[in-house]
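Participant: Below you will find the structure I want to go over with you.
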Amino acid sequence: QVQLVESGGGLVQAGGSLRLSCAASGNFAGINAMFWYRQAPGKQRELVAVLSNVGVTNYPDSVKGRFTISRDNAKNTVYLQMNNLKPEDTATYYCKFIKYGSDYWGQGTQVTVSS
């Protein structure tokens with residue numbers, strides 16, 4: 001079992017930055033990939049970043065060049081650095097791990113970008 005706790009959300013002006021954190025209970029052994037998703041009201045959940053267990057990252061065009069996913073193995077934490085934020089980035093952000101083939105989700109952290 002893995003528990004994920006996100007933090008770092010908040011209110012920021014357009015053009016600003018935030019760094020989200022996702023702290024995992026236990027260690028990263030058996031984790032195949034780590035993800036950040038977001039969901040805005042009335043919209044489907046959207047993938048915004050992927051980090052594989054070999055360090056490969058991937059981003060949709062909507063955030064490419066602005067968002068960066070990374071991890072700190074010593075702290076069992078994955079991060080999402082978000083720069084040049086836009087009002088359309090407003091959403092609840094969730095992290096997800098795939099560990100030994102099972103999905104684990106955090107509870108979400110709200111990001112609001114004002115224009």
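The values are calculated or read from the model by the stated rules, or taken from the named source; none is laboratory data. Fair warning: this is a prediction, and the values are worked out from it, not measured in the lab. A quick note on method: Cβ atoms are made from the backbone with ideal geometry, for glycine too, and the neighbour counts reach across all protein chains shown. Areas reflect the complete protein model, heavy atoms only, side chains present, ligands, DNA and RNA absent. Shrake-Rupley method; radii C 1.70, N 1.55, O 1.52, S 1.80 Å.
Participant: Scanning for something more than 14 Å from the chain's Cα centre (by Cα) and assigned to a helix (DSSP H, G or I), does the stretch 77-87 turn up at least one residue?
Facilitator: yes
Participant: Search the stretch 68-83 for residues being open to solvent by 80 Å² or more (accessible area, probe 1.4 Å) and touching a residue at least 12 places away in the same chain (Cβ under 8 Å), and hand back the single one that is nearest to Ala14 (Cα to Cα).
Facilitator: That would be Arg71.
Participant: Please work out which residue is farthest from the chain's Cα centre (by Cα), limiting yourself to the stretch 88-115 and to residues that are small (Gly, Ala, Ser) and within 15 Å of Leu4 (Cα to Cα).
Facilitator: Going through the qualifying residues, I end up with Ser102.
Participant: List the residue pairs whose Cβ atoms are under 6 Å apart, where the first residue sits in the stretch 1-28 and is closer than 12 Å to Phe97 by Cα, the second is aromatic (Phe, Trp, Tyr) and open to solvent by 30 Å² or more (accessible area, probe 1.4 Å), and the two are 6 or more positions apart or on different chains.
Facilitator: Listed pairs, sorted by first residue: Val2/Tyr104; Leu4/Tyr104.
Participant: Also, I was wondering about something else. Within the stretch 88-115, work out how many residues are touching a helix residue (DSSP H, G or I) at 6+ places or on another chain (Cβ under 8 Å) and assigned to a loop (DSSP other than H, G, I, E, B).
Facilitator: Qualifying residue count for the region: 1.
Participant: Can I ask one more? Specify the residue that is modelled with the lowest pLDDT; the eligible residues are those in the stretch 18-50 that are within 15 Å of Gly106 (Cα to Cα) and polar (S, T, N, Q).
Facilitator: My answer is Ser25.
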